[in-house]
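Any read-out appearing in this document is the output of simple, stated calculations on the displayed coordinates, not a laboratory observation. Computed from a prediction, not measured in an experiment: that's the story for all the values here. We place every Cβ from the backbone using ideal geometry, glycine too, and count neighbours over all the protein chains shown.
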Amino acid sequence: MSNKKFNPMDYDLNGDGKISKLEAVNALKDYFAKKISKKQALEVIILYFLPKTASLHGSITDAETSSPLVQVKITADSQVTSSDTNGYYEFTGLSVGNHQVIFEKEGYEIIVK
């Protein structure tokens, strides 16, 4: 094991600020090869399993008039928001991945994406 101060992000080979599955496996390989300690390997693996979040935002307009739609109820997972006076909406803290998003406003067809 090296005397250099251990930084678990040194395993972030592609420089994206996250530990991928492959990078976590590399830490395990280094542990079994006695290049790093068990504690150090666990630090890398924990970074892989930490929740990663995403945001979703956009603007809603009427298809015929292109005017912003105000107070549209938008649901993504268990989060609910509504569009503002410019038709803008935003979700934060969503898990990374695909989400079903539902758009609802009285007088309009419900849209599910």
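Brief remarks on what is shown
- Simple label model, 7 Å out from Cα along Cβ direction - LYS52 to PHE32, nm: 2.4
- Applying both filters, DSSP loop and at most 14 other Cβ atoms within 10 Å, to the GluC sites (Glu not before Pro) of region 1-100 gives GLU64.
- Label zone at SER66 (point 7 Å along Cα-to-Cβ), backbone N below 13 Å, region 77-113: none
- Cα-Cα pairs of the chain separated by more than 21 Å (percent): 54
- Directionally averaged shadow of region 8-49, computed from the convex hull of its alpha-carbon atoms, nm²: 2.4
- Overall, region 8-49 carries a charge dipole of about 260 debye about its Cα centre when +1 sits on the Cβ of Lys and Arg and -1 on the Cβ of Asp and Glu, all other atoms neutral.
- For a straight C-alpha distance cut-off of 30 angstrom, the lysines reachable from LYS52 (same-chain residues fewer than eight places away being disregarded) are LYS4, LYS5, LYS18, LYS21, LYS29, LYS34, LYS35, LYS38, LYS39, LYS73, LYS113.
- Between the beta carbons of LYS39 and VAL96, assuming R0 = 35 Å, the FRET efficiency works out to 0.80 to the nearest 0.05.
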